[in-house]
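The values are calculated or read from the model by the stated rules, or taken from the named source; none is laboratory data. Because the structure is predicted, anything quoted here is derived from the model rather than measured. With ideal geometry, Cβ positions are generated from the backbone for all residues, glycine too; neighbour counts draw on all protein chains shown. All accessible areas refer to the heavy atoms of the entire protein, side chains included, with ligands and DNA or RNA removed. Shrake-Rupley method; radii C 1.70, N 1.55, O 1.52, S 1.80 Å.
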Amino acid sequence: MNARKPKVLMIVEQCNPEWASVPLVGYNFYHGIRQLADVTLVTHERNRTALEKIRDGHRIDYIYESRCIKRYYGMVARLTSRGGVNWPLQHALSYPVYSSFNKIVYKRYHKDIKNGRYDLVHALTPMLPRYPVKIVKACKNTPFLLGPVNGGVPFPKGFQAVARKEFAHFNFLRMFTRMIPGYTATYKKADRVLSGSAYTLRMLQELFLLENQQIELFHENGIMKNFIGTPKKISGNTLNMVFVGRLVAYKGADMAIEALSRLDQKIRSRVQLTIVGDGSERENLEKLTRDLGVQETVHFTGWVTQEETLAYYKAADLFCFPSIREFGGAVALEAMACGLPCIVPDHAGLGEYVTEKTGFKIKPDSREYLVAGFTEKIGLLLENKQLIEEMSAHAIARVKEYEWNEKARRMVGIYRELIKLDGES
């Protein structure tokens with residue numbers, strides 16, 4: 001006989017299967033967990049159209065906002081998107097939008113929680129470790145789970161010019177968001193905090209003096225089962241590399257191009273680099289290929305669909321991604337799922353997904369050091385097909401633990417631990 005499913009109030013403000021980044025991650029968690037738990041989803045009205053297409057009778061409560069808040073949200077989006085997205089300013093100015101959602105959720109559900117209607121409350125998004133969750137005040141006798149939260153990762157010291165280009169000088173605004181009423185209490189009162197990266201885990205422990213049993217590492221990104229392929233078998237002398245990401249300064253496509261250009265002329269003709277994505281730096285990157293004389297070996301696809309991106313992964317032999325500031329680094333999981341060894345900076349999310357068996361991690365001590373390291377590892381793999389195949393097999397094996405259904409099972413295991421339910425549903 002199956003054990004009782006835990007009854008969960010799941011607060012996922014950003015939950016949308018048709019959008020990218022955090023909303024898609026939020027949806028993937030919800031979709032997997034609702035198969036294993038009795039879930040009531042609370043989310044923002046902006047997700048309604050997409051979710052109603054696939055609701056399948058599940059309980060979803062949409063939180064609506066006032067016209068004033070909607071106008072304010074549009075103003076913030078316009079203000080912070082001039083000349084590139086100023087993420088620190090956008091996160092700070094967007095707080096009133098989240099605050100409206102946060103207050104309505106509390107007003108609507110605090111009595112039900114106090115009356116024991118739910119076994120557990122899980123606040124999943126937003127994933128930034130900056131916003132309070134008011135509903136924790138009602139969870140005196142009901143376990144409260146927060147996260148995974150991720151962020152706060154600084155730019156490497158050797159990349160301050162890129163940091164300025166990405167508006168890092170606005171990061172001082174974090175000090176003010178941490179002063180929001182209820183912010184400290186959210187973490188102090190949580191029965192468990194899930195952190196999306198080791199860096200954020202250490203930051204939260206130090207900031208709130210959390211005990212080890214109160215916080216644990218739980219990477220937020222996952223991979224769809226149909227994305228997972230088979231290990232590579234390399235034939236021929238050409239090495240096909242792929243870069244996947246927005247073409248903005250911190251993603252480092254320029255360093256991938258420069259690393260390729262530094263290969264010995266005798267072997268450079270055997271390497272092809274495909275850059276999948278688009279963004280404000282594309283024109284500069286295309287000029288760089290001409291200046292370095294590698295325009296014949298570097299190819300730009302522009303923006304493509306997820307299905308087309310998968311095809312580019314499958315056609316490649318190696319994932320080359322010098323991004324210097326990735327909280328999550330989901331593209332590394334996608335690449336590994338397609339059997340690609342990865343060359344990445346050893347910093348934040350990327351450095352936690354990639355191991356010595358699945359690729360190479362290079363310390364981003366400086367731009368020169370990182371480019372030189374990429375050049376060396378590309379050259380090494382170009383001459384060692386067996387190593388590529390071994391790393392490919394290890395990449396496939398590692399990424400299976402990030403498959404969304406597996407992550408859902410692990411999450412529900414945490415639910416059962418917190419509410420002291422035995423067995424599996």
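How do the pairs read when you match residues in region 202-219 that are among the aromatic types (Phe, Trp, Tyr) with residues anywhere that are part of a helix (DSSP H, G or I), using Cβ under 7 Å and keeping only pairs 6 or more apart or on different chains?
Listed pairs, sorted by first residue: PHE208/THR184; PHE208/TYR187; PHE208/LYS188.
Please find, within region 309-331, the residue that is surrounded by the fewest Cβ atoms within 10 Å (Cβ to Cβ) out of those that are among the charged types (D, E, K, R) and at pLDDT 95 or above. Show your work before the answer.
Restricting attention to region 309-331, the residues satisfying the condition of being among the charged types (D, E, K, R) are 314, 317, 325-326.
In the following step, the residues that additionally are at pLDDT 95 or above were identified as 314, 317.
Values: LYS314: 13, ASP317: 23.
By that ranking, first place goes to LYS314.
Please pick out the residue among VAL153, VAL133, VAL149, VAL162 that is touching a residue at least 60 places away in the same chain (Cβ under 8 Å) and crowded, with 21+ Cβ neighbours inside 10 Å.
VAL133
Return the residues of region 332-364 that are touching a residue at least 24 places away in the same chain (Cβ under 8 Å) and open to solvent by 30 Å² or more (accessible area, probe 1.4 Å); say none if nothing qualifies.
Listed by number, the residues that qualify are GLU334, HIS347, GLU352, THR355, LYS357.
Which one of these does VAL22 not meet: (1) farther than 23 Å from TYR118 by Cα; (2) among the β-branched types (Val, Ile, Thr); (3) over 18 Å from the mean Cα position of the chain (by Cα)?
(3)
Out of all the residues in region 178-194, is one or more under 30 Å from ALA395 (Cβ atoms), of a type in the set (Gly, Ala, Ser) and out of contact with any Lys or Arg (no Cβ under 6 Å at 6 or more places or on another chain)?
Within region 178-194, not a single residue is under 30 Å from ALA395 (Cβ atoms), of a type in the set (Gly, Ala, Ser) and out of contact with any Lys or Arg (no Cβ under 6 Å at 6 or more places or on another chain).
Name the residue, out of ARG78, ARG55, that is assigned to a helix (DSSP H, G or I), open to solvent by 50 Å² or more (accessible area, probe 1.4 Å), among the charged types (D, E, K, R) and at pLDDT below 95. Spell out how you get there, then give the answer.
Details: ARG55 fails: assigned to a helix (DSSP H, G or I).
Criteria check complete, one pass: ARG78.
Please go through region 31-48 and pick out each residue that is in contact with a strand residue (DSSP E or B) (Cβ under 7 Å, 6 or more places away or on another chain), open to solvent by less than 10 Å² (accessible area, probe 1.4 Å), under 18 Å from GLU18 (Cα atoms) and not hydroxyl-bearing (Ser, Thr, Tyr).
Hits for region 31-48 are LEU41, VAL42, HIS44.
State the number of residues belonging to region 377-425 that are closer than 18 Å to VAL331 by Cα and either at pLDDT below 95 or open to solvent by 70 Å² or more (accessible area, probe 1.4 Å) (or both).
Step one: list which residues in region 377-425 are closer than 18 Å to VAL331 by Cα, which gives 391-404, 407.
Those still in the list that are either at pLDDT below 95 or open to solvent by 70 Å² or more (accessible area, probe 1.4 Å) (or both) too: 394, 400-401.
Selection size over region 377-425: 3.
What number of residues in region 259-269 are open to solvent by 60 Å² or more (accessible area, probe 1.4 Å) and either closer than 14 Å to ARG246 by Cβ or in contact (Cβ under 8 Å) with a residue 12 or more places away in the chain (or both)?
Start the filter on region 259-269 by keeping residues that are open to solvent by 60 Å² or more (accessible area, probe 1.4 Å), which leaves 262, 264-266, 269.
Still in the running and either closer than 14 Å to ARG246 by Cβ or in contact (Cβ under 8 Å) with a residue 12 or more places away in the chain (or both): 262, 264, 269.
Matching residues across region 259-269 total 3.
Yes or no, residue by residue, for (1) over 28 Å from PRO154 (Cβ atoms); (2) under 25 Å from the mean Cα position of the chain (by Cα); (3) in a helix (DSSP H, G or I); (4) aliphatic (A, V, I, L, M):
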site	(1), (2), (3), (4)
LYS361	no, yes, no, no
PRO364	no, yes, no, no
GLU368	no, no, yes, no
THR375	no, no, yes, no
GLU389	yes, no, yes, no
SER392	yes, yes, yes, no
ALA408	yes, yes, yes, yes
MET411	yes, yes, yes, yes
GLU417	yes, no, yes, no
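Failed condition for LEU36, given (1) assigned to a loop (DSSP other than H, G, I, E, B); (2) out of contact with any helix residue (DSSP H, G or I) (no Cβ under 8 Å at 6 or more places or on another chain); (3) of a type outside the set (S, T, N, Q); (4) touching a residue at least 40 places away in the same chain (Cβ under 8 Å), with all others met?
Of (1) assigned to a loop (DSSP other than H, G, I, E, B); (2) out of contact with any helix residue (DSSP H, G or I) (no Cβ under 8 Å at 6 or more places or on another chain); (3) of a type outside the set (S, T, N, Q); (4) touching a residue at least 40 places away in the same chain (Cβ under 8 Å), only one is false for LEU36: (2).
Considering only region 223-254, how many residues are farther than 24 Å from SER21 by Cα, in contact (Cβ under 8 Å) with a residue 24 or more places away in the chain, open to solvent by less than 90 Å² (accessible area, probe 1.4 Å) and not in a strand (DSSP E or B)?
4
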